[in-house]
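Heads up: the structure comes next, in structure tokens.
The values are calculated or read from the model by the stated rules, or taken from the named source; none is laboratory data. Model, not experiment: these values are computed from the prediction. In this analysis, Cβ positions are derived from the backbone assuming ideal geometry, glycine residues included, and neighbour counts consider all displayed protein chains. All accessible areas refer to the heavy atoms of the entire protein, side chains included, with ligands and DNA or RNA removed. Shrake-Rupley method; radii C 1.70, N 1.55, O 1.52, S 1.80 Å.
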Amino acid sequence: MLRFSQMAETGRIANLKRVIFWTAVVLLAAACLGESYHVRYAAEKRFTAEASIAGNEAVRIQRDVVHFTQRAVPSGIHFAAFLQNLGMNSSTAAHLLASAQPVFDLRHLRAGNQLSIGRSVLGELREVRYRIDTDRVLSIQPQGNDFHSEIQTIPSHTDAVGVTGEVHGSLYQAIDDAGEKPELAMRLAAIFGWDLDFYTDPRPGDTFRVVVEKKTFASGETAAYGRILAAEYNNAGRKFSAVLFHDPAGNPAYYTPEGKSMKRAFLHSPLKFAAPITSHFSYSRFHPILKQYRPHLGIDYGAPSGTPVQTIGDGKVVFAGKKGEDGNLVMVQHSNGYTTYYMHLSEILVRNGQRVEQGDRIGLVGMTGLATGPHLDFRIQLRGQFLNFERLPLPPTDPVAKGDWTEFAAERDHAYALTPPLPLEHTTLAANAPPAGITAAR
């Protein structure tokens, strides 16, 4: 009996263990199933959220992302025709043109300026932009069933910056190597043009330093150059320095650090670009046409017909017309007793009595009169006597007035404080032999 009771007790315990085991199994399975449902629910919820984000992003891209196609405006084309060439239908182009006309006259399109058409990723027209100039852009955008047009100012800022470099070939290449535009090279050449011929004088190893006002867009692109405040050019051991100030009439002018005018009364040449001298000043030259010796009281510059001729100084045109062997002739009388002659011109661009300023175009090279080929016969006369222009010291203009010296010295010192150092390889040379103009005289 006792044994039977023990066996029954053992059976109950075994049954209880089985119940506990299977209960645990069921609970574990339920937990796993619950976790599975939870993970699946979380995944579905995350997928739904991500799908919603993706959908919103797609809407945003369709609404906000604009792809622009940019082209330079060709010459001789109507604005609407140009838009059609870029894929716009004629009706939309005409509507857009009519909308923009009160804001900007699109008949004044400038060849070479940029025009951009912006479209959404689905190809919908979003904006047309025309670059009017460096500072302004015409923006035309759809607005309902119409277009809205406005002229926008392109954000920019202007700073006085230093530019330095070394010449290995030409000044233009050196300026380009310094990351600047060719315009700066032309401006620099103009400042020192009375002392240097930048077609023949530059040597490898020449250095330059410039302080210039530079307008820059937010993108970092150079918009334009303003005033050059100070400049220095080191040419084969010769140092030339210039500071911006004003002349007695209040016009901008450049001076040496000592206050001497950089400008001469006359330019080095009546031609803007270098031209070979084919015949020099002589009191006895064999004339190639007349076959006899006679004085040649001028200088012949060989240049193609149509090459611009410039007056070498300020003055008044006292003759402009045909004159025998001289062909088409222009005579300019200058205030300092000089008269200059420009002969054999193919075309005269001034008239009698006209006032001209140094560098003005007065005619074009030709071969009128007694000439074997296109050239400019240039002559200079002082109170009735012809002079050899090749040996003539160019007279300077007035220096800084004594009453302006304090103002000049302050502007000079400020400009030189902004001047960048020379390239590293020239630092020692500069320290041993400082440029005359870089340490301003007090």
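Here are the numbers for the structure shown:
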{"item": "Criterion violated by H334 - all others in (1) surrounded by fewer than 17 Cβ atoms within 10 Å (Cβ to Cβ); (2) at pLDDT below 95 satisfied", "result": "(1)"}
{"item": "Subset tally (residues that are open to solvent by 70 Å² or more (accessible area, probe 1.4 Å) and assigned to a helix (DSSP H, G or I)) for the range 392-421", "result": "8"}
{"item": "Condition met for T69 (within 27 Å of T222 (Cβ to Cβ), exposed (fewer than 12 other Cβ atoms within 10 Å of the Cβ) and among the polar types (S, T, N, Q))", "result": "yes"}
{"item": "Checklist (1) assigned to a loop (DSSP other than H, G, I, E, B); (2) out of contact with any Ser or Thr (no Cβ under 7 Å at 6 or more places or on another chain); (3) at pLDDT below 85 applied to I438, failing item", "result": "(2)"}
{"item": "Identity of the residue in the range 141-179, open to solvent by 60 Å² or more (accessible area, probe 1.4 Å) and β-branched (V, I, T), that ends up nearest to P420 (Cα to Cα)", "result": "T158"}
{"item": "Positions within the range 113-172 being without any contact (Cβ under 8 Å) to a residue 40 or more places away in the chain and β-branched (V, I, T), in sequence order", "result": "I132, V137, T153"}
{"item": "Number of the condition not met by P304 [criteria: (1) assigned to a loop (DSSP other than H, G, I, E, B); (2) more than 17 Å from H344 (Cα to Cα)]", "result": "(2)"}
{"item": "Wholly within the range 141-242, strands (runs of 3 or more DSSP E) carrying at least 2 residues that are under 19 Å from the mean Cα position of the chain (by Cα)", "result": "156-166, 207-217, 222-235"}
{"item": "So F82, is it in contact (Cβ under 8 Å) with a residue 24 or more places away in the chain, farther than 16 Å from S139 by Cβ, buried (at least 17 other Cβ atoms within 10 Å of the Cβ) and not basic (K, R)", "result": "yes"}
{"item": "Residue check, T368 surrounded by 16 or more Cβ atoms within 10 Å (Cβ to Cβ), out of contact with any Phe, Trp or Tyr (no Cβ under 8 Å at 6 or more places or on another chain), under 25 Å from F273 (Cβ atoms) and at pLDDT below 90", "result": "no"}
{"item": "Residue in the range 371-383 that is open to solvent by less than 80 Å² (accessible area, probe 1.4 Å), at pLDDT below 90 and outside any strand (DSSP E or B) present", "result": "yes"}
{"item": "The listed residue being free of Cβ contacts under 8 Å to residues at least 12 places away in the same chain and either surrounded by fewer than 16 Cβ atoms within 10 Å (Cβ to Cβ) or hydrophobic (A, V, I, L, M, F, W, C) (or both), out of R294, R361, R355, R351", "result": "R294"}
{"item": "Residue, nearest to the chain's Cα centre (by Cα), within the range 82-134, restricted to residues that are in a helix (DSSP H, G or I) and of a type in the set (A, V, I, L, M)", "result": "L106"}
